Amino acid sequence: MKQKDETILEIHDLSVSFRMYDHGLEQTDLQVISDLYLTVYPGEIVAVAGSSGSGKSLLASAILGILPGNATVHGHLHYKGQELTQERQEQLRGTDIALVPQSVAFLDPLMKVGAQADGHRKPLPTDKRKSIFKRLGLPDKTEQLYPFQLSGGMARRALVSTALLTDAKLVIADEPTPGMSLEQALEALRMFREMADDGKAVILITHDLDLAFEFTDRVAVFYAGTTVETALASDFKKGPDALRHPYSQALWRALPQNGFQPVCGFQPYAGALPKGCLYAPRCPYKTAQCMDAVPPVREIRGGEVRCYYGA
Amino acid sequence: MALEAKNIYFRYGRKQPWILEDCTLKIDRGERLAVSAPSGYGKTTLALLLAGYLKPEKGEILLDDKPLPAKGICPVQLIYQHPEKAVNPRWRLKRVLEESGKLREDVLDAFGIERAWLDRFPRELSGGELQRFCVARALMSGADYLICDEISTMLDVITQAQIWNVVLEEADKRNMGIIAVTHNKHLAERIATRMIDLSE
C-alpha cells in the first residue's frame, strides 16, 4: 500500500445527517451517510457507483462544504493529509477542487454559456475554453447561446468544460455523461483520463458502469449511504465472480447487456435502516449474523468489502 | 390506432436553423420504438412536439387521425430527462402525484415509493427517487402513449431494470405505445421492438 501522506483525499467513518422537523416543533436527525470510506491517490480516477439516493452527490457536497445549513458532518475528511475544515474548503473549492454538478440547472439561465464557462478568472481563459469546447464537440456558436437553447447533452458538456478549465488537483464529476452520445461521453472521459495521467485525481460519480470500467482505476460501490466495496476496475470487467459484495454482483447483472435482472426490494429509507448489514434484507446469502451486526470492512484480493462472506 | 408525426418542421425562432425538417414518424399502440441520435439532433424537441408541448411550424401531430386534445390530461404523456425540472418545487410530492389522478397503491409499491416521501418537497429527494415519481405520475394518468426521454440515465442500473420492467409490464397490460429516447444501445435492444436513428 502507498503511504498515507501521498493521498489526495482520504475519507473514513464519514457520516452526514440532516436535522428535520418531525411533528410541530420537534426535530429529528436523519442520518443519510454512515461509516463511509473512500481514498483517492494522485493519478487515478475513482468511479463511485451505487444506487440512486445512496449519498453519492451528498459526498461531493460534503467534500466541498456546500451542504445545506441543516446538515451535520462527522468523521475524517483529509485533503493532501490535512483536515478539511470549512475554512479550508472555502479556500480550495473552485481552485484546487472542482465540481462538475449533476444537474444542468446549475447553469445560470441569464448568462451566455461562453462567458459563464470563462467565469471571473483574470485574464479570461477564452482561448483555452474554445479549444475545450471544440474537443467536446460543441459548435463555435454555443458560446453565444443561453442555457435554455442547449440540448441536455450540450449543457452537460458545458458543465464539464468548466471543470477542465480550472487547474484543480481534484475534480469531482457528478454524473457528467448522461445525455451525451457514446462518442462524446468517451471524449469527455478521455479528457478526465488525461488529467489523471498528469498527476491529478478524478472522482467520477456515474451510473454508466460499462464506461466506468474502461476509464477508471478503481470502483467504489455505495449502498444506502455507506461504502460496500472498493474494487479494481478490472475486477468489474471480469464479471460477478471477481467481485466481493453481493450488491456489486447484482449491479453487474442488472446491466442491459448482462441480463437486465432487477433485484427484489428497494434500498432502505434513511430513517428506517436495518440493524445489521444494510444490504441484508435483499441479499440472497444472508444469515442470522448479517441481520445482527454491521459487518466490518475487510481487505480481500486487493479490494475492500463490507460483508461477512465476501470472498 | 396510432400516434403520427406527419412531415413536421420545427425551429426555435425565425432566425434559427431548422431542428427538425420534414420529419415523419408513426407508432402503433403496443409498439415500442427506441430513438437515438447524437446530442443536439432534436430528440428532446421531437419528444416535446409529440406530447403537444410544442407546436410544429409546418406539418401535424395526429393521434388516431385527430389532433391531440387541447383540454384534460393528454393521452400522450412525456417523461422528462431531468426530473428536477418536471415537478413543482413548491409542491409536496403527494400533490405532484395527485395532479394526474387518484393515487394507485400498486404503482407506488412497484416503484418502491416510500409513503414518507409523499410529504416531502422535491429538493429533499435524490434525482433517482424523483424520477420514480415522474414515471409513476405518467402511468397513473391512464395515458395511451408514453414518451420516455432518457428517463433512466440518472438511475443506478438495478433501479433502471426495475423501472423498465414495471413500465414494460404496464405497457403490455394496457397495450400502450412507447417511444424511448436513449443513447444506450444495449438498453434500446432490451426494451424496443423497433429502433430508429434520427441522424440517418
In the protein assembly as shown, if the dipole is taken from +1 on Lys/Arg beta carbons and -1 on Asp/Glu beta carbons about the Cα centre, which of A:Val100, A:Met111, A:Ala62 is farthest to the positive end?
A:Met111
Linear extension gain, A:Asp140 paired with A:Arg193, 0.36 nm per residue minus alpha-carbon span
16.6 nm
Measure up A:Lys128/A:Lys237; B:Lys26/B:Lys173; A:Lys112/B:Lys43; B:Lys43/B:Lys185; A:Lys130/B:Lys15 against 27 Å on the Cα-Cα distance and list the ones that go over.
A:Lys128/A:Lys237
Rounded to whole Hz and in sequence order, give me ³J(HN,Hα) for region A:118-133 from the Karplus expression 6.51 cos²θ - 1.76 cosθ + 1.60, θ = phi - 60°, writing x for Gly and Pro.
4, x, 9, 5, 10, x, 4, x, 4, 5, 4, 4, 4, 5, 5, 4
Evaluate peptide A:252-258: per residue, the Cβ atoms of other protein chains within 10 Å of its Cβ; return the mean as an integer.
6
Cα-centred dipole magnitude for region A:107-164, charges only on beta-carbon of K, R (+1) and D, E (-1), debye, nearest 20:
180 debye
Net charge within 11 Å of B:Glu4 by Cβ-Cβ distance, Lys/Arg positive one each and Asp/Glu negative one each, not counting B:Glu4 itself?
-1
By how many nm would the segment from A:Lys130 to A:Gln149 grow when fully extended, if each residue of separation counts as 0.36 nm and the alpha-carbon distance is taken off?
5.0 nm
Work through the residues other than A:Phe18 whose Cβ is under 9 Å from its Cβ and net out their charges, Lys, Arg +1 and Asp, Glu -1.
-1
The protein assembly as shown - share of DSSP beta bridges that are antiparallel (%, nearest 5)
55 percent
Separation of alpha-carbon centers, region A:267-311 and region B:98-165, rounded to whole Å:
28 Å
How much of the calculated P(r) for region B:2-197 lies past 25 Å, in percent of all Cα pairs?
35 percent
Distance in nm between A:Asn70 and A:Leu182 label points, each 7 Å along Cα→Cβ, equals 4.4 nm
With θ set to phi - 60° and the Karplus curve 6.51 cos²θ - 1.76 cosθ + 1.60, what are the ³J(HN,Hα) couplings of region A:285-301 in order, to the nearest whole Hz, using x for Gly and Pro?
9, 5, 10, 4, 4, 5, 6, 8, 9, 5, x, x, 7, 10, 9, 9, 6
Where the only charges are on Cβ atoms (+1 Lys, Arg; -1 Asp, Glu), what is the dipole of chain A about its Cα centre, to the nearest 20 debye?
460 debye
So what's Rg/Rh here for region B:48-103, counting alpha carbon atoms and using the Kirkwood radius for Rh?
1.03
FRET efficiency for B:Leu168 and A:Gln91, Cβ-Cβ distance as r, R0 = 45 Å, nearest 0.05?
0.35
What does the charge dipole of region B:31-183 about its Cα centre add up to, to the nearest 20 debye, if the Cβ of each Lys and Arg holds +1 and the Cβ of each Asp and Glu holds -1?
540 debye
According to a simple spin-label model (label point 7 Å from Cα along Cα-to-Cβ), what is the distance in nm between B:Tyr12 and B:Asp64?
3.4 nm
Note: B:78-85 gets an average of partner chain Cβ contacts (10 Å, Cβ to Cβ) equal to 3
Less than 13 Å Cβ to Cβ from B:Ala86, Lys/Arg counted +1 and Asp/Glu -1: what total charge do the surrounding residues give?
-1
Taking beta carbons within 10 Å but only from partner chains, what does the mean come to for residues B:120-128?
4
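Where a number appears in this text, it was derived from the coordinates with a stated rule and is not lab data. This is a predicted model, so every value here is computed, not measured. Heads up, the Cβs are rebuilt from the backbone with ideal geometry, glycines too, and the neighbour counts pull from every protein chain shown.
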